[in-house]
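Student: Provided herewith is a single structure, encoded as structure tokens, for subsequent inquiry.
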Amino acid sequence: MKDPNHAKGIMYLILFGSFVPFIIGSIVMADMLWLAIIMYIAGTVLMGYSLLYGIKNVRCPHCGKLQNLKLWPITTCPYCKKRVDRFF
């Protein structure tokens, strides 16, 4: 994946999707404690995966250094000063 902004969007999609198991676990906590524990573990694993995905894929296509993981898009690399939305 060359575009760090696209990879960042996927990272945040996984991160925000990891809140669904936490919500389901909170709803079923009174009835089925075992299912709530499984949902909390699944949410935690998804959060960790989204962080690892971001660290691995949100990189400059030119110099390969890690880019900013904040929510707003980036246009130039702070290290090599090249545009990250064009690859030529």
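Student: Pairs only if they're at least six apart or on different chains, beta carbon under 9 angstrom, first in the range 1-12 and acidic (Asp, Glu), second surrounded by fewer than 19 Cβ atoms within 10 Å (Cβ to Cβ); list them, first residue then second.
Tutor: Here the result reads Asp3/Pro61; Asp3/Asp85; Asp3/Phe87, each pair linking the range 1-12 to a residue that is surrounded by fewer than 19 Cβ atoms within 10 Å (Cβ to Cβ).
Student: Let me ask something else. Taking the range 40-70 on its own, how many of its residues are under 30 Å from Pro21 (Cα atoms) and touching a Phe, Trp or Tyr at 6+ places or on another chain (Cβ under 7 Å)?
Tutor: 2
Student: List, please: which pairs have Cβ atoms under 8 Å, are six or more places apart or on different chains, and start with a residue in the range 15-38 that is farther than 24 Å from Ser50 by Cα and end with one that is surrounded by 13 or more Cβ atoms within 10 Å (Cβ to Cβ)?
Tutor: So the pair list comes out as Val28/Leu35; Val28/Ala36; Val28/Met39; Met29/Ala36.
Student: Please go through the range 11-36 and pick out each residue that is closer than 30 Å to Thr75 by Cβ and either open to solvent by less than 50 Å² (accessible area, probe 1.4 Å) or of a type in the set (Gly, Ala, Ser) (or both).
Tutor: Met11, Tyr12, Ile14, Leu15, Gly17, Ser18
Student: Further question: Which pairs turn up if I take residues in the range 50-73 that are touching a residue at least 40 places away in the same chain (Cβ under 8 Å) and look for partners that are open to solvent by 90 Å² or more (accessible area, probe 1.4 Å) and in a loop (DSSP other than H, G, I, E, B) with beta carbon separation below 8 Å, at least 6 apart in sequence or on another chain?
Tutor: Hits for this filter: Asn57/Met1; Arg59/Lys65; Cys60/Tyr79; Cys60/Lys82; Pro61/Lys2; Pro61/Phe87.
Student: Kindly indicate whether any position in the range 39-54 is farther than 28 Å from Leu69 by Cα and out of contact with any strand residue (DSSP E or B) (no Cβ under 6 Å at 6 or more places or on another chain).
Tutor: no
Student: Here is a check on your reading of the model: is Leu52 open to solvent by 100 Å² or more (accessible area, probe 1.4 Å), closer than 16 Å to Tyr12 by Cα and not small (Gly, Ala, Ser)?
Tutor: yes
The values are calculated or read from the model by the stated rules, or taken from the named source; none is laboratory data. These figures come from a predicted structure and were not determined experimentally. We place every Cβ from the backbone using ideal geometry, glycine too, and count neighbours over all the protein chains shown. Heads up: the accessible areas ignore ligands, DNA and RNA and are worked out on the full protein's heavy atoms, side chains in. Shrake-Rupley method; radii C 1.70, N 1.55, O 1.52, S 1.80 Å.
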